[in-house]
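The values are calculated or read from the model by the stated rules, or taken from the named source; none is laboratory data. Predicted, not measured: the structure shown is a model, and the values here were computed from it. Backbone-built Cβ (ideal geometry, glycine too); neighbour counts: all protein chains shown. Side chains included, ligands, DNA and RNA excluded: accessible areas come from the protein's heavy atoms. Shrake-Rupley method; radii C 1.70, N 1.55, O 1.52, S 1.80 Å.
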Amino acid sequence: MSDGDYGHQPPAGYQPPAGHSPPAGYQPPAGYPPPAGSEPAGSYRAPDDDQPPESYPAPESYQQPGYPPPGGYQSPAGYPPPGRYQPAGYPPPTGYPAPGGFPVPGGYPTPGGYPAPGGYPTPAGYPASGGYPPPGGYPGPGGYPGAGGPVPPARRSWRPWVVLGTVLVLLLCATPVVAGAVVLARNGSPEQEAEAGAAVASPEPGDAPTVTRDWLGDRVMGLLDKQATALLGGDENGYLALAGPGTPLSRQLRREFRTLRAMQVTKWQPELHGKLVRLDEPGTWRADLIVQHCFVTPDCEPNEITIVTRWRDTAGQPQLTAIDPPEGPDRPRPWETDELVASIGDRTLVATPRAFRDRLPELLREAEKAAKVADRYAVDDSPPDRYLIFYAGPNEWKLWYGGDRPEWTAGYAVPVGEEQYDLVLNSKGLAPGQYGELMRHELTHASSLSGAGRIGSDAWWLVEGLAENAAAGGQSVNRYQGLRDVERLVDSGWDGKLEDVAPDEDSADWQVASSYGVGYLAVRHLVDRFGDQDVLNFFELVVHDGRPEAEASQEAFGVAWTTLHDDCVKYVKKTAS
C-alpha cells in the first residue's frame, strides 16, 4: 500500500494533447501527481548483470489525454487518502534506500512508508488506510543451513524485495484506479443521440439549469453505455469513435482497447458519480465516473475505477473534450498507459509489454504454481477470484501504480479493492528462473489479506512470516537464507519482542533480512507445533478481526500467548545460532 503525501503536482513537462486548447483565462490547478516517480519504496536489488534486453524499445511517452481540470475543481467526496505509516524498529542507519519491493541480492527491502502521489477519492465502501506497513520484501531462495550441517558457499541472492505493500501499505487501503479514457463512448448520429437521451425530457427556454444538466447527463450515460458495449463486443472502431483520427487521445484509446481485450475484460459498467458539474466556460461540463470491471471471470467480485471526463454541449450533443490525468497512490494502472500482451491460466493472468512477450510462458507457469500455494492461505477458504500479475519493463516500472520505487525493487503488491491485490514484477530486478519464490510470497499476501481491514504494525511479524513460510515451499528451515542475518541480530542484543521486529525505512540490508527471518522462524515454529490450519485461524483472529494476540492464542491454540511468544523467541535464537 502506499501512504503519505497527497499534494497535487502536475507531471513535469506536461503538455495538453494536440487539438485541445484550454479555454481563455484557464489556469491549471495546483497540480497532479507525476505519472512516473522516483524509485519506489522497498523491493529487490537487481543483479548488475541482469539488464533488460537490448532490443527493448522504450514505450512512447505516456500522453495524458485532455488537459488538467480548471481551477476550483473538487474531487468527488468520498475517501480519505491513506495515512503515512511510520514503522517501528531499528534506529535508522544512514545510506539505506527507501523501503519497498523485494530485497536485492544479499539483502532485504524495507517495507512500508514511502509517500504516495496525490490521491483520488476512493469510492464508497473502501476502508481508509493506515496502520500496518506495506508487507513486502524477503530474502532470496536457498540459503544457509543451520547448526548441524555443512555451510555451503554463500551464493548471491536473486531476492529483491517484495513490497507487498511498500506500495501497498498493506493495510488494505484500496483506492480504485482509473481506466483512462476507456470509459468514453461513441458519438453517433442525431437519431442515435436522440435515442440515447430519450429518458429525460429535453430542456425548454426558461427551464432551470438543473433540467439541462440532467438531460445532458442522461445523454452522456447513453454514450458511455454504447462505448462499453463496443469494448465488450470487440468493436475497436466503436470504442475509438469519440476521438479524432490520429490524435493522442485516439492512440491512447487504441492501446487501452487492445490491452483490455487481451486481458479478456468481461465486465465494463460505467456510472456517473453524482451529477454533471457545470464548469466556468459556457457549455462545458465535468462528468465524474466510476466503472465496475472484471477480467476473465464474468461473475467476479468487480473492482471499481474512477475517472474524470470533460464534455462540451454542442447543439444539444455532448462531446468529449478531455480526460483528466489519473490521480491516486496506485495510478495509473498498467492497462491505462501501455499496450500489453497477456497469458491467462486457471488462477492467474499475467500481462507484459510486447518486448517481453517471450517471457510469458515461464511467468504464467510459475504464477499458476504459486497460486496453488497461495490459495491455501486464504482466510475462510475464499481466495481471490484471480491473481493479476504485471511484468514491467524499465519505463513501465517507473510509471505504473505511481512508480517511485528504488531501482533494487524486484516486485510489489498493491491493493486495488477490498478483495484484490495486483502484483508487479521488475524485469530489471529478476532474471528468468527467479520468479517462483517471489510469486509465492506476494500471492500469499494477496490471498491471506483479501478482505482484511486496518492492520496493526505489531502484527508485521505475523503477516510477513506467513508469506515467508509460503515462499519457502516446505524446504528445511536450515536452508533459509536469512539465518546468518538473524544470528547477527540476536548477537547485537535483540530484545526478543516479536511485535517490535519490523524494520525502519532506513534499516540496513542485514537488519531488514533479519526482521523477515524472525517472522519466518516464529511462524514456522507455530506451524510445526500446531499445524497450518490453527496458525491460519490465529492469523485471521489477529489480522482480520483485530483481536489481541493473548485472546487469539487462547482461542486458536489453547495456550497463553506469553508462553507461546517466549517459545517462539527461543526457537528463533536457537535455530539462528
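Of all residues being touching a strand residue (DSSP E or B) at 6+ places or on another chain (Cβ under 6 Å) and modelled with pLDDT under 85 in the stretch 411-425, which is nearest to residue 445 (Cα to Cα)? Just the residue, please. Once the filter is applied, the top-ranked residue is 413. Here residue 502 passes the criteria (1) under 26 Å from the mean Cα position of the chain (by Cα); (2) surrounded by fewer than 24 Cβ atoms within 10 Å (Cβ to Cβ); (3) within 28 Å of residue 557 (Cα to Cα) except the one numbered (2). Within the stretch 400-437, the set of residues being under 13 Å from the mean Cα position of the chain (by Cα) and surrounded by fewer than 24 Cβ atoms within 10 Å (Cβ to Cβ) comprises 403, 416, 417, 418, 419, 420.
Residues that are open to solvent by 40 Å² or more (accessible area, probe 1.4 Å) and part of a strand (DSSP E or B) within the stretch 263-285 comprise 266, 267, 269, 271, 272, 277, 278, listed in sequence order. Residues that are more than 21 Å from residue 338 (Cβ to Cβ) and in a loop (DSSP other than H, G, I, E, B) occur at least once in the stretch 303-316. Of all residues in the stretch 402-461, those satisfying the criterion of being among the hydrophobic types (A, V, I, L, M, F, W, C) and part of a loop (DSSP other than H, G, I, E, B) are 408, 416, 430, 431, 449, 452. Contact map, the stretch 416-431: first residue basic (Lys, Arg), second residue outside any loop (DSSP other than H, G, I, E, B) and buried (at least 24 other Cβ atoms within 10 Å of the Cβ), Cβ cut-off under 8 Å, separation 6 or more or different chains; pairs are 428/397. The set of residues in the stretch 438-452 being out of contact with any strand residue (DSSP E or B) (no Cβ under 9 Å at 6 or more places or on another chain) and either open to solvent by 10 Å² or more (accessible area, probe 1.4 Å) or more than 25 Å from residue 396 (Cα to Cα) (or both) consists of 440, 448, 451, 452.
In the set (1) more than 10 Å from the chain's Cα centre (by Cα); (2) surrounded by 24 or more Cβ atoms within 10 Å (Cβ to Cβ); (3) aliphatic (A, V, I, L, M), the condition left unmet by residue 379 is number (2). Out of all the residues in the stretch 555-577, which are modelled with pLDDT under 95 and assigned to a loop (DSSP other than H, G, I, E, B)? Selection gives 577 alone. Counting only helices (runs of 4 or more DSSP H) that sit completely within the stretch 480-540, those holding 2 or more residues that are aromatic (Phe, Trp, Tyr) and at pLDDT below 95 correspond to 509-530. Of the residues making up the stretch 215-225, not a single one is open to solvent by 10 Å² or more (accessible area, probe 1.4 Å), part of a loop (DSSP other than H, G, I, E, B) and in contact with a strand residue (DSSP E or B) (Cβ under 9 Å, 6 or more places away or on another chain). The test for being at pLDDT below 95 and open to solvent by less than 20 Å² (accessible area, probe 1.4 Å) does not hold for residue 552. Checking 288, 324, 330 one by one, the residue that is under 26 Å from residue 471 (Cβ atoms) and open to solvent by less than 20 Å² (accessible area, probe 1.4 Å) is 330 and no other.
A quick yes/no check of all residues on (1) surrounded by 24 or more Cβ atoms within 10 Å (Cβ to Cβ); (2) more than 29 Å from residue 251 (Cα to Cα); (3) among the β-branched types (Val, Ile, Thr):
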position: 357; (1), (2), (3): no, no, no
position: 369; (1), (2), (3): no, yes, no
position: 373; (1), (2), (3): no, yes, yes
position: 387; (1), (2), (3): yes, no, no
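Go through the stretch 344-355 and report how many residues are open to solvent by 40 Å² or more (accessible area, probe 1.4 Å) and in a strand (DSSP E or B). Result for the stretch 344-355: 1. Whenever a residue of the stretch 210-234 is modelled with pLDDT of 95 or more, its partners that are of a type in the set (Lys, Arg) and assigned to a helix (DSSP H, G or I), lying with C-beta atoms within less than 9 angstrom and at least six residues away or across chains, give the pairs 231/261; 234/261. When each of 464, 487 is tested for being open to solvent by less than 10 Å² (accessible area, probe 1.4 Å) and either out of contact with any Leu (no Cβ under 9 Å at 6 or more places or on another chain) or closer than 25 Å to residue 381 by Cβ (or both), the lone residue that passes is 464.
Condition test on residue 260, is it open to solvent by less than 30 Å² (accessible area, probe 1.4 Å), in a helix (DSSP H, G or I) and modelled with pLDDT under 90? Against the criterion (open to solvent by less than 30 Å² (accessible area, probe 1.4 Å), in a helix (DSSP H, G or I) and modelled with pLDDT under 90), residue 260 does not qualify.
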